[in-house]
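Comments concern the structure below.
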Amino acid sequence: MTKILVTGAAGQIGSELTQVLRREHGDENVVATDIKPPRFPGAEAGPWVPLDVTDRAQVERVIQEFGIAEVYHLAAVLSASGERDPDRAWRVNTEGLYNVLEAARRHGVRRIFWPSSIAVFGPKTPRVNTPQDTILAPTTMYGITKVVGELLCEYYHRRYGLDVRGLRFPGIISSATPPGGGTTDYAVEIFYAAVRGEPYTCFVRPDTVLPMMYMPDCLKAIRLLMAADPARLRYRIYNVTGLSFAAEELARELQRRVPGFRVEYRPDFRQDIADSWPRTIDDSAAREDWGWKPDYDLPRMVEAMLAALRERRARGEL
Ligand code: AKB
């Protein structure tokens, strides 16, 4: 049985992906790691190891000890946190990835998944239907680490034949584990406020349009890409998207379903980050090469998010 390592397993994507992988491969075959304690139910059903990805020796130890063949390297500092502490963003995102790639090539890991981001783009990049091959000139430390990361992944593939695959994720919207420190976090926070019956103060302008994706589509994209025939992959890292909407459109969709829900807008430093990112993404290469197609549009995503969070509130979790 393939032994799988997940880093960042306490995070927004990691906590849900670990559960999917464990259902498929067996609890004992998926080693979940993070610097923080686990945040999903049943985390202790399989191996859980504290891991700081900036420590090469720790990364090597866990890969060797468990005989890891496949890695989902999700540990990262997101864009807004990265602007608050650029040094930490560099160390976790760049050195962490370098440690994983180095340990992987030395200890026989066969495949790696790594999330890039729409943050690789910048103000000089076309913002509408942003192409796969375009200007990568970000203005945030997070974006810089993601560009370096993409180049490193391509290098390890070309030089050592490591099968590294990745996705330039948009904002990910989900109901289980909240994101932390991203610019797109408003699109998740607003749901929590609506379900709790509280007003929401949005930190970007109402007309801010960003690409987003609902978690089931995010998990589907990862699994499709990782299952794809290597001969069909023209790229190591693909553009991918689910839906794009303005902050005020999302607010309106919620207000239609949650009467009396109030939203005000008080843009902060995250507005500049949002303004440097694309509004919509061209993911035709992903569609052509490995059959990508999202399932959720705005109304469907809003319905599903509200239903999931209301259930959590009924269980006393929110
Ligand atoms: C962030 O906002 O930093 C992330 C991302 C788009 O990579 N959600």
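All of the numbers you see were taken from the coordinates with simple rules; none came from a lab. Values in this document were obtained by computation on a predicted structure and should not be read as measured data. So basically every Cβ, Gly included, is an ideal-geometry build from the backbone, and we count neighbours across all protein chains shown.
General observations
- Annotation: for a label point projected 7 angstrom from Cα along Cα→Cβ of D87, residues of the range 53-75 with backbone N closer than 20 Å are 53-56.
- FRET efficiency estimate (nearest 0.05) - Cβ-Cβ, D229 to D268, R0 45 angstrom: 0.50
- Debye log10 I(q)/I(0) at q = 0.17 Å⁻¹ for the range 1-115, Cα point scatterers: -0.75
- Computed [θ] at 222 nm, deg cm²/dmol, the chain (DSSP H ≥ 4; -39,500 (n - 2.57); rounded to nearest 500): -12500 deg cm²/dmol
- Cα-based helix-to-principal-axis angle, 298-314 vs the chain, degrees rounded to 10: 90 degrees
- Scattering curve values for the range 234-318, log₁₀ I(q)/I(0), Debye with Cα scatterers, q = 0.14, 0.17, 0.20 Å⁻¹: -0.74, -0.97, -1.09
- Long-range HN-HN contacts of R110 with modeled amide H, under 5 Å: E70
- Semi-axis lengths (Å, descending) of the ellipsoid that matches the C-alpha gyration tensor of the range 84-221: 30, 18, 15
- Residues listed by number, the range 195-225, amide nitrogen under 13 Å from A246 label point at 7 Å toward C-beta: 205-210
- For the range 225-236, putting each phi into the Karplus relation 6.51 cos²θ - 1.76 cosθ + 1.60 with θ = phi - 60° gives couplings of 5, 5, 8, 5, 5, x, 5, 8, 7, 7, 10, 7 Hz, in residue order, rounded to whole numbers and with x for Gly and Pro.
- The peptide list 202-211, 110-119, put in order of mean Cβ contacts within 10 Å with the highest first, becomes 110-119, 202-211.
- FRET efficiency, 1/(1 + (r/R0)^6) with R0 22 Å, evaluated for A307 and Q255 via beta carbons: 0.80
- Per principal axis, descending, Cα span of the chain in whole Å: 57, 46, 38
- Check: the chain dipole with +1 on Lys, Arg Cβ and -1 on Asp, Glu Cβ, in debye: 260 debye
- Förster radius 35 Å - calculated FRET efficiency between K293 and T2, Cβ distance, rounded to 0.05: 0.85
- Loop-resident sites, the range 202-235, for trypsin sites (Lys or Arg not before Pro), counting at most 16 other Cβ within 10 Å (DSSP): R234
- Computed lengthening from R39 to R315, 0.36 nm per intervening residue step minus Cα-Cα distance: 97.7 nm
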